[in-house]
């Protein structure tokens, strides 16, 4: 496994791989890897000649400096995990090798067609500008045939698909299912910030979402939302920031279950000071 820190070194290797006709899979990450990330990497390994995993805590997608500072960083452990499953290349650059000063001092502009105005975008302004900025750079550097993203970050996945279409990139975006702990809690790098009791409490989020599926479609959409929020917040440690039930293609909120053929519930919950996201498919 090669560990590369410089963009110039990466570009030279990618150029050789392309000349050799190798297919390349990319798994972009911010490190603090868990089984969810590893499932993406394994998917890429099984479907490409070469798999590149990026480890980069991207400063431009954090609108809260404290959130950036507290984001878990476990590079040595991450490299050990990637080595054991057969990853080919790890790209772990420093910020100043990725961005010029002008790029970090100004917001990256992109027409999201409204996808950035709902859910995460509403509560984290500028977040998706940073996501598109770094993913577009990684796509340019790695030139992958396929790129792998987890469905836990459902809104991000929709935006990356839009970006790929807008820029007319010859890259297949491969969605990968949410990986959960035995308790149902969606695996996330942020879970490492939870203590044991908070992890037990946080598992209540998915338990409520999973139970709520049995009330579709006979229960009004808004009524189901409010009941689910109330059920989650029965745990005093949990505070729902939002629960949106949306068209899975457009991310627009729905009022009735028969408005579209693909319905997803997307949620963000604070467990203490840790912000957790999850989603569940109600109809597909």
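The values are calculated or read from the model by the stated rules, or taken from the named source; none is laboratory data. Quick caveat: nothing in here was measured; it's all calculated off a predicted structure. Note: ideal-geometry Cβ built from the backbone for every residue, glycine included; neighbour counts use all protein chains shown.
Here are a few things to note about the model shown:
- Single unsatisfied condition, residue 220 versus (1) within 25 Å of residue 194 (Cα to Cα); (2) over 21 Å from the mean Cα position of the chain (by Cα); (3) surrounded by fewer than 17 Cβ atoms within 10 Å (Cβ to Cβ): (1)
- Candidates 79, 38, 68, filtered to the one that is modelled with pLDDT under 95 and in a helix (DSSP H, G or I): 68
- Only helices (runs of 4 or more DSSP H) whose full extent lies in region 90-147 are considered here, and the ones with at least 2 residues that are in contact (Cβ under 8 Å) with a residue 60 or more places away in the chain, crowded, with 18+ Cβ neighbours inside 10 Å and touching a strand residue (DSSP E or B) at 6+ places or on another chain (Cβ under 9 Å) are 127-142.
- Checklist (1) within 30 Å of residue 72 (Cβ to Cβ); (2) outside any loop (DSSP other than H, G, I, E, B); (3) in contact with a strand residue (DSSP E or B) (Cβ under 9 Å, 6 or more places away or on another chain) applied to residue 224, failing item: (1)
- Check on residue 60, in contact with a helix residue (DSSP H, G or I) (Cβ under 9 Å, 6 or more places away or on another chain), surrounded by fewer than 19 Cβ atoms within 10 Å (Cβ to Cβ) and farther than 22 Å from residue 12 by Cα: no
- Condition check for residue 112 on (1) under 23 Å from residue 152 (Cβ atoms); (2) at pLDDT 95 or above; (3) touching a helix residue (DSSP H, G or I) at 6+ places or on another chain (Cβ under 9 Å): one failure, at (2).
- Checked against (1) free of Cβ contacts under 8 Å to residues at least 60 places away in the same chain; (2) touching a helix residue (DSSP H, G or I) at 6+ places or on another chain (Cβ under 8 Å); (3) farther than 21 Å from residue 156 by Cβ, residue 15 meets all criteria but (2).
- Scanning region 50-65 for residues being in contact (Cβ under 8 Å) with a residue 12 or more places away in the chain and either assigned to a helix (DSSP H, G or I) or in contact with a strand residue (DSSP E or B) (Cβ under 7 Å, 6 or more places away or on another chain) (or both) gives a total of 9.
- Boolean, residue 263 is more than 30 Å from residue 145 (Cα to Cα) and surrounded by 13 or more Cβ atoms within 10 Å (Cβ to Cβ): no
- Of the criteria (1) touching a strand residue (DSSP E or B) at 6+ places or on another chain (Cβ under 7 Å); (2) free of Cβ contacts under 8 Å to residues at least 40 places away in the same chain, which one residue 275 fails: (2)
- Residue identified as crowded, with 21+ Cβ neighbours inside 10 Å, under 27 Å from residue 126 (Cα atoms) and modelled with pLDDT of 95 or more among 50, 55: 55
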